[in-house]
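To keep things clear, I will list the structure first and then write my remarks on it.
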Amino acid sequence: MRIRNFEELVANGLTDEDKEARRICLEVLDKVIEELDPRKMVFSKVRRTGSKLHIDRLTLDLDEFERVYLVGFGKASHLMAEAMEQLIGDKLTRGFINILKDVSFESLTGRVESKKVSHPIPDEEGLLGAKQILKLVSDASEKDLVICLISGGGSAMTPLPAEDITLKDKQRTTQALLKCGARIDEVNAVRKHISAFKGGQLARAAYPATVLSLIVSDVVGDPLEVIASGPTSPDPSTFKDAYEILRRYGIWESVPESVRRRIETGLRGEVEETPKPGDKVFEKVHNVIVGNNRLACHIAAEYAQKLGLNTLILSSVVEGEARHVGTVYGSILVEEALVDNPIEKPAVIIVGGETTVTVRGSGLGGRNQELVLSASRKIKGLRGVAIASLGTDGIDGPTDAAGAIADGKTVSRAEEKSLDPEKYLDDNDSYRFFKSLGDLVFTGPTGTNVTDITVMVALKTG
C-alpha cells in the first residue's frame, strides 16, 4: 500500500457502510499512485529497437548523434532518469539531474550526476544544479542530442536567477506568489522573467542541438509553456504579464527592488525577452507529454470499474478556490446519494485538476485538505458516502500529508470533540482539523506529480 495509514483511515468510519465507502476511495487513490510511477510512464511512451528510439510518431536514430546528454529536474527526475538509463545507457555520454532532498538516486551507468535540492522554496543547491545543467546543454553541438526530463516542481528546483537578482530575492518573490493565491501559470510567468533558465531559455542554451523533452505534467490542461516554467517551450508570456500579475495580487511593492527593476527594464525593452513561438531555437525541439492528470483519472476509473462500481470522470481540468470547489463536490455527492444523479449507485465519481487556497487565516493546511473540509459540511448526515482528495506528489501544501478523507459522520465526530468545521475553514486550518480526527492521508513523497485527484463514493444503503 502506498497510503501508509490505509487501515486506520478505513477504521475511522463509524458504520460498515462508511468503512466500505472509505475503503473504496482509498483503494482507488492507492492504485493511482502505484500506476503513476514515472518509470512506467516513460516505458509506456518510449521504446527502443536497435539504435532507434521511438516516441509516439517520432523516431530518433541514436547512431546519428555524436553525443547524447541527459538532464532532468522535478519531483520525478530521479525515476525518469532511471528508466532512460535502462533504455539508452550504452549511448549516453553524460548527464546531470536535480532531485528532491528526500529521495535517492544511483546512476545505473555512473555517467549521470545528481544534486539534492529544495522544494517548493528554492535553495542554493538548486541554483548550483541549474548552472550545471545549463553548462552541460550549452556544450552540445548541432550533432548532439539532449534529452530533458521535466516534471512537476522543476521550476522551483532549478532556481537560476537572472543577472542582478539574488536567490534570496527570488525566494521572497516565490513565497509572496504562493501565499497570495496566484495560479501556477501566473507564478511561473513571473518566475520566467526573473530567471536565466526558464521560459525557453534552456532550449536557447542547447541550440543548435536536437532536444527531446519528456514531460510529466503537473499543470491543468498540460500547457507546455507552464510546466516547470517551460524551459524547452516557447514562452507566450511577457514582462508586461509579469508586471500585471504582481500588481493584480497587490504584491508589487512587497517584492524585492531587484525584481521590480528587472521587470521595469524588461518593460522598456532593455532586456531580451524569453524566446517566443517561431524562434529558431525550437526548430529541433520535441516536447512529449508522458504523464498527466487525465491519465490519473483514467487509471482511477478503470480500477473502480474492476471493483464492479459505476464510474464517472467529471473532469481532469478543475481549477478554483479550494473551499468553493469543495462545496460543489459535496453538493454533487449529496445529489448522487439521494437521487442517483449523475450515475446510478454504487458510484465512484472522479475529478482531477488543481485548486488554490487564498490564505486569510493563520492555520496550517493544503488545498486538498481544505477542499475535503469544505465538502464535509455538505455531506453531513449521509450514509455510505466518502470523499478523499490528495496531491499525487504526496505533498499537500506546507504539510506532511498528501490530503484528507471525510464521510457523512465527519462533522458529527468533529462536533463531539468541540471542533467547529467553519472556524477551522475560515482559519485555513484544515490540517489540524483532520489531524484531530485521524483523517489525514499520508503517502510520503510519491516521486511523481500530475496535480490533484479527488474520489467520491456513494454506495447503496438499506
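Among the listed pairs Lys31/Lys52; Lys198/Lys378; Lys45/Lys306; Lys116/Lys170, those with a Cα-Cα distance over 30 Å are Lys31/Lys52; Lys198/Lys378. For the stretch 360-462, a Kirkwood hydrodynamic radius built from all Cα pairs, placed in the Stokes-Einstein relation at 4 °C and 1.567 mPa s, yields a translational diffusion coefficient of 95 µm²/s.
Give me the extension gain from Asn341 to Lys131: residue separation times 0.36 nm, minus the current Cα-Cα distance, reported in nm with one decimal. Spell out each step's value before the answer.
On the way: separation 210, 0.36 × 210 = 75.60 nm, distance 5.37 nm.
Difference between extended and current length: 70.2 nm.
Highest mean packing comes first when the peptides 231-238, 141-148, 332-339 are listed by Cβ atoms within 10 Å, giving 231-238, 141-148, 332-339. Near Val318, the amide H atoms lying under 5 Å from its own belong to Gly352, Gly353, Glu354; only residues 5 or more places off or on other chains count, and H is placed 1.01 Å from N. When each of His54, His286, His78 is scored by the number of other beta-carbon atoms lying within 10 Å, the sequence from fewest to most is His54, His286, His78.
Coupling constants for the stretch 88-105 follow from the phi torsions by the Karplus curve (6.51 cos²θ - 1.76 cosθ + 1.60, θ = phi - 60°), and in residue order they are 10, x, 5, 9, 6, 8, 7, x, 8, 9, 9, 10, 5, 4, 9, 10, 10, 8 Hz; glycine and proline get x. Given the C-alpha centroids of the stretch 1-72 and the stretch 130-151, what is the distance between them in whole angstrom? Centre-to-centre distance over Cα atoms comes out at 26 Å.
Our helix-only sum for the chain, with -39,500 (n - 2.57) per DSSP H run of n ≥ 4 divided by its residues, gives a mean residue ellipticity at 222 nm of -11500 deg cm²/dmol. Label zone of Glu244 (point 7 Å out along Cα→Cβ, amide N under 17 Å): in the stretch 259-280 this covers 263-264, 266-269, 274. Quotient of the Cα radius of gyration of the stretch 80-126 and 2.2 N^0.38 Å, N being its number of residues: 1.24.
How big is D, in µm² s⁻¹, for the chain by Stokes-Einstein at 25 °C and 0.890 mPa s if Rh is the Kirkwood radius over C-alpha pairs? Approximately 108 µm²/s, per Stokes-Einstein.
Among residues other than Asn449 with Cβ under 11 Å from its Cβ, the summed charge is -3 (Lys and Arg +1, Asp and Glu -1). The charge dipole of the chain, taken about its Cα centre with unit charges on the Cβ atoms of Lys, Arg (+1), Asp and Glu (-1) only, comes to about 300 debye. For the stretch 70-224, the relative contact order comes to 27 percent (Cα pairs under 8 Å, sequence separation of at least 6). Rg and Dmax over the alpha-carbon atoms of the stretch 153-276 stand at 13.6, 42 Å. Charge dipole of the stretch 152-258 (Cα centre as origin; +1 on each Lys and Arg Cβ, -1 on each Asp and Glu Cβ, all else neutral): 160 debye, rounded to the nearest 20. Taking 7 Å along the Cα-to-C-beta vector as the label spot, tell me the Lys40-Lys52 distance in nanometres, rounded to one decimal. Taking the two extended label points, one gets 2.9 nm. Taking 0.36 nm per residue of separation and subtracting the current Cα-Cα distance, fully stretching the chain between Arg4 and Ser141 would add 44.6 nm.
Under the rule a/c < 1.5 gives rounded, and otherwise a/b versus b/c splits prolate from oblate, where does the stretch 24-177 land using the Cα gyration tensor? It comes out oblate by the Cα gyration axes.
Across the options Ser430, Ile395, His324, the greatest Cα extent toward the positive end of the charge dipole of the chain (unit charges at beta carbon of Lys, Arg, Asp, Glu) belongs to Ile395.
Each peptide in 342-354, 255-267 receives the mean, over its residues, of other Cβ atoms within 10 Å, and ordering these scores from highest gives 342-354, 255-267.
Selection among Pro277, Ile245, Ala296 by position relative to the dipole of the stretch 230-296 gives Ala296 as farthest towards the positive end (Cβ unit charges, Cα centre). Once you have a ≥ b ≥ c as the square roots of the Cα gyration tensor eigenvalues for the stretch 189-337, tell me rounded if a/c is under 1.5, and otherwise prolate or oblate according to whether a/b is larger than b/c. Oblate shape, in that a/c is at least 1.5 and b/c is the bigger or equal ratio. Is the C-alpha gyration tensor of the stretch 247-299 telling us rounded, prolate or oblate? Criteria: a/c under 1.5 is rounded; beyond that, a/b larger than b/c is prolate, otherwise oblate. It comes out oblate by the Cα gyration axes.
Read the figures in this text as sums done on the coordinates, not as results from a lab. All figures in this text were calculated on a predicted structure; none of them were measured in a lab. Backbone-built Cβ (ideal geometry, glycine too); neighbour counts: all protein chains shown.
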